[in-house]
Structures are given as C-alpha cells and as structure tokens.
Amino acid sequence: MFEKKLFRSDMVRCVLCKDAPCTKACGKIDPARLLRSIWFDNELCAADSLPAQNPCGQCPAPCESACVRAHEVPIRALITRLHEEVKQELEISVPADEERLRTEFCGIPLENPFLISSSVVSSTYDMCARAFEAGWAGVSFKTVCSLDIHEASPRYSAITGAEGNIIGFKNIEQLSDHSVAEDMEIFRKLKKNYPSKFILASIMGKNDYEWESLARQCEENGADAIELNFSCPNMMEKGLGSDIGQNPDFVQRFTAAARRGTKIPILAKLTPNVDKMSPAAEAAMRGGANGIAAINTIKSIIDINRHTYISAPAVHGMSAVGGYSGNAVKPIALRFIAELGQNPILSAMQISAMGGIENWSDALEYIMLGAGTVQVTTAVMQFGYRIIDDLKAGLNYYLAEKGLDSVSQVRGLALDYVSNTTDVLERDSVVFPKFHRDKCIGCGRCSISCADGGHQAITMGEDRRPLLDGRKCVGCHLCVLVCPQRAITSSRKRISRK
C-alpha cells in the first residue's frame with residue numbers, strides 16, 4: 001500500500017495562483033500544476049507526469065524567485081520529493097483515457113460522476129459553459145423560482161485553517177435572481193451548445209401549481225432531470241426551503257406535484273437540519289422521485305463580534321442564521337448518505353451526494369457509501385473549476401490501480417462496515433501507536449495530549465523523544481492525531497488484552 005508522502009502543510013505558503021509566475025519562470029515543466037495536484041491529494045499522478053530525470057536537479061529554481069511569495073514556497077524541494085520519493089514507488093502509470101469514469105445516473109449517461117451543485121457557481125450561462133469546458137460532467141443550475149430575489153451584502157463568512165484555506169463556509173445567499181424566462185433561455189442555450197452534458201434543473205415553487213409548472217418548463221427547455229429544492233436554509237418566506245424538507249408530508253405532496261409536470265428523472269434535495277433523513281427520502285419516493293440529492297447546507301451561526309455582538313456576515317447592523325458548508329461538514333454529510341444507502345426501502349433510489357468535497361478522495365468516500373454522482377460548490381468557490389482536473393485524474397488512477405473498470409464497481413462498498421451503534425466493535429485488543437524517531441523533532445505534543453487528554457502513557461526521554469508505557473496505553477491514538485510532524489502512526493499489530 002502506498003504511503004502518502006506529501007501534504008498541504010508541505011506547501012503551506014503556496015496560494016495556487018492564477019497564471020502562476022512559477023510556471024512562466026520555469027520553461028521546462030509546470031510547477032503550478034504539480035503543486036495543485038499535491039494540494040488536492042493527487043501526488044501519484046503528479047509524480048507520474050515527471051520525466052525520467054529530475055528536472056530540478058541542477059536548476060537554480062527561478063520558479064521560487066518568481067513566486068508571488070518569493071522564496072517562501074519550497075518548489076524545487078517539493079518536485080524533487082515527487083521525483084525521488086513518490087515516482088519511485090508508482091505501481092502503474094496514469095491511465096491513457098478516462099473510460100473508467102463513465103457512468104450513468106437515473107439512466108442518463110455521464111462522462112464522469114462530478115457535477116457542479118446548485119449555487120452561485122452555476123448561476124449563469126457563462127459559468128456553466130466554463131465548467132463544461134473544464135471537464136465537469138454536469139451542473140445543477142442555481143434554483144429557478146418565481147420569487148423576487150434581492151441578495152444581502154455581504155453574504156459570506158468563513159472559518160479558516162492554519163493554511164488560510166476555508167474549513168467551514170457560511171452563506172446567506174438565496175436562489176436564482178433571474179426571471180424564469182431568463183433561466184429557460186440559459187437551459188436552451190446550454191443544451192444546444194453542450195448536448196452531451198448533464199443539466200440538472202433545481203427548482204422551488206410556492207405552491208402545487210408552481211412546482212408542477214416549473215418542472216414542466218425545465219423539461220421543455222432542455223433539462224435532463226429536475227432537482228427539487230426542499231432544503232435551502234436561507235428563505236425570506238416561511239413554508240419554503242428547509243421548512244418543506246423537515247416535513248415528509250410536504251415532501252411527498254410537492255414531489256407529486258412536480259411529477260405531474262414532467263416525465264424526466266426527479267431528485268429531492270433534502271435538508272440535513274433533521275435527526276434522520278429517511279422519512280423525507282421515503283416520502284419523496286412515494287411522491288414519484290427517482291433519487292435523492294443531499295446534503296444541503298447546515299443552519300449555522302459563526303463569528304460573533306465581541307464588540308458589536310453581531311455574527312458574520314454582518315449586514316447593516318444585523319445578522320441571520322445561514323447555511324454552513326465546506327470540508328467541515330463532510331462527516332455529517334457522510335453520515336446522512338450512509339443512512340440513505342443502508343435503507344432497504346430506498347434501494348431503487350439514486351443518490352447524488354455533496355458536502356465538503358475538495359478532492360477525489362472525498363468524492364470516493366461518498367461513492368463508497370452509495371452515491372452515484374457527487375456535487376461540489378465550496379471548493380470551486382475557493383479554487384475554481386480547474387479542480388476537476390485532479391478530481392478526475394485521482395479517481396481514475398485509483399480505479400486503475402485497483403484493477404477496476406468503472407466507478408460503479410466501488411459504489412456502496414463501505415456500507416457493510418458502517419454501524420449506527422458502537423456495540424458491534426471488538427474491545428479486547430489494543431493497537432499501539434508507532435513512533436518514527438527519525439521524523440520526531442522532540443516537541444512533546446504527544447506527551448502533553450496523552451497526559452491531559454489521554455491515559456498518561458507517554459513520557460519524554462532525555463533525548464526529547466517519546467517513550468511509551470504499554471501497561472497504560474489503551475490505543476486511543478490521540479497522539480497520532482496531534483503530532484505536527486506525522487511522526488506517529490498506527491502499528492499494524494493488534495495486541496490482545498484478554
């Protein structure tokens with residue numbers, strides 16, 4: 001099994017530039033493309049693209065001088081590590097084509113499972129066209145409605161990590177601010193110019209008639225499928241968005257209304273602001289839906305200003321509960337997708353999953369829990385449509401490495417290993433941590449965490465290296481998680497404590 005060699009923290013100062021100066025300065029390879037692949041967990045494909053001889057061997061690294069953060073990003077060292085540490089361990093070459101990524105969803109053929117989700121990143125013809133040109137298989141267009149939408153300003157806020165990238169993202173944005181007629185014109189133009197791409201029309205009605213009418217109009221104007229927005233948390237009017245998704249009766253009623261208006265596939269986009277999603281999903285199925293889209297954003301409040309007392313984003317002296325997304329919500333989203341995937345009543349329903357997907361590995365986790373397609377927004381807002389390159393390349397390489405011919409072969413593989421209770425877990429053995437002394441810098445973080453948050457099993461030797469007391473260690477692996485050098489891993493040996 002290949003052990004990951006490079007991490008985002010290795011290139012923490014890189015800002016993933018547009019028209020990156022490092023590549024312009026190099027002239028031999030594309031450093032910016034390689035760095036982006038490292039960032040998005042795709043180091044194997046990056047390493048395979050390098051020539052036989054290390055291109056950075058005798059190079060004076062003009063790329064580092066040209067960097068917008070001159071000499072702050074170790075570009076030469078990173079590419080050398082790709083060549084010497086990663087390339088040498090490759091078992092296969094990057095596949096010559098993307099045939100393994102071809103799939104189908106609700107009977108509709110797709111060139112890959114990656115879709116843009118209904119949001120600001122899919123709100124105009126130009127944006128959708130650029131996403132298609134970049135390589136996305138389809139878009140869920142920003143929700144079509146008859147409401148008079150006027151957005152607040154500002155409408156975004158975020159929680160950021162040490163690298164400056166967004167971990168959790170809050171928005172108070174609403175629906176499409178185009179008229180229905182304008183959106184229908186966009187659909188016609190997209191279908192004419194990109195006939196092989198998947199157009200998923202997100203809609204929201206105020207009553208039965210509007211749900212039926214909007215669904216009919218979307219089909220007539222080129223949509224391949226309909227997504228019913230039962231989950232937007234940012235509605236000005238009550239009885240819409242997540243208010244519907246929290247009530248299975250409403251879900252069934254309005255799904256049935258949309259079904260009366262169209263014969264193309266229907267997905268119900270459900271809210272995570274519930275304890276269980278299955279009741280709403282089963283109601284959607286009874287109403288005539290072919291699948292489920294989940295999750296939408298989670299109701300949230302972040303960053304209360306200690307001087308003004310207003311949370312972010314503050315709009316002219318007030319704030320509001322908004323929708324939370326980004327990589328931070330992925331564990332919650334995965335839990336809901338697993339619930340849907342394990343529900344036998346929903347076995348015939350297709351799942352289009354979303355929630356915090358940034359790289360191909362994130363996407364694969366959803367597919368392994370039963371998703372047929374995955375949708376992305378927040379990562380695109382940060383890094384652009386270009387992330388599709390590494391999403392496709394990484395998943396394609398994984399499938400080829402496993403000897404698999406299609407995405408469908410991994411769909412649902414993880415469902416048998418997920419339980420809703422910890423009662424099924426074996427509790428009579430311990431997996432000890434393994435300390436890699438060559439990587440350890442002697443910071444003592446493992447000892448602090450074990451002492452104050454664990455079982456007092458780690459002390460520091462005179463050489464400032466950790467010592468483990470196996471009589472006290474219970475194998476919780478807190479030390480593995482807190483080590484800033486990744487110098488502690490899980491031992492492959494399981495010790496019986498019976």
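The values are calculated or read from the model by the stated rules, or taken from the named source; none is laboratory data. Bear in mind the structure is a predicted one, so any value in this text is a computation, not a measurement. A quick note on method: Cβ atoms are made from the backbone with ideal geometry, for glycine too, and the neighbour counts reach across all protein chains shown.
Taking region 343-353, which residues are more than 24 Å from Phe114 (Cβ to Cβ) and in a helix (DSSP H, G or I)?
Of everything in region 343-353, those that are more than 24 Å from Phe114 (Cβ to Cβ) and in a helix (DSSP H, G or I) turn out to be Pro344, Ile345.
Being within 26 Å of Pro484 (Cα to Cα), in contact (Cβ under 8 Å) with a residue 60 or more places away in the chain and part of a loop (DSSP other than H, G, I, E, B), is that true of even one residue in region 58-73?
yes
Residues that are in contact with a Cys (Cβ under 9 Å, 6 or more places away or on another chain), modelled with pLDDT of 95 or more and closer than 26 Å to Tyr125 by Cβ, at least 3 per element: which helices (runs of 4 or more DSSP H) completely within region 152-259 meet that?
180-193
Residue check, Val139 against (1) in contact (Cβ under 8 Å) with a residue 40 or more places away in the chain; (2) farther than 20 Å from Tyr385 by Cα, all met but one. Which one?
The single condition Val139 does not satisfy is (2).
Output the residues belonging to region 65-77 that are closer than 15 Å to Val12 by Cβ and surrounded by fewer than 21 Cβ atoms within 10 Å (Cβ to Cβ).
Val68, Arg69, His71, Glu72, Pro74, Ala77
How many of the residues in region 23-56 are out of contact with any Leu (no Cβ under 8 Å at 6 or more places or on another chain), part of a helix (DSSP H, G or I) and not basic (Lys, Arg)?
The number of residues fulfilling the criteria is 6.
Which condition breaks for Asn112 when tested against (1) in contact with a Cys (Cβ under 9 Å, 6 or more places away or on another chain); (2) over 26 Å from Val12 (Cβ atoms)?
(1)
Checking Ile301 against (1) over 30 Å from Gly384 (Cβ atoms); (2) out of contact with any Asp or Glu (no Cβ under 9 Å at 6 or more places or on another chain); (3) β-branched (Val, Ile, Thr), only one condition comes out false. Which one?
(1)
Could we say that Lys197 is assigned by TED's automatic domain parsing to the domain that holds Thr103, buried (at least 16 other Cβ atoms within 10 Å of the Cβ), among the charged types (D, E, K, R) and under 26 Å from Ala268 (Cβ atoms) here?
Here the answer is yes, as Lys197 does meet what is asked.
For region 329-383, name all the residues that are polar (S, T, N, Q) and either buried (at least 24 other Cβ atoms within 10 Å of the Cβ) or under 9 Å from the mean Cα position of the chain (by Cα) (or both).
Ser352, Asn359, Ser361, Thr373, Gln375, Thr377, Thr378
So, in region 270-319, how many residues would count as being of a type in the set (Gly, Ala, Ser), closer than 29 Å to Gly164 by Cα and surrounded by 15 or more Cβ atoms within 10 Å (Cβ to Cβ)?
Total satisfying the criteria: 6.
Is it the case that some residue within region 109-118 is among the charged types (D, E, K, R) and in contact (Cβ under 8 Å) with a residue 24 or more places away in the chain?
yes
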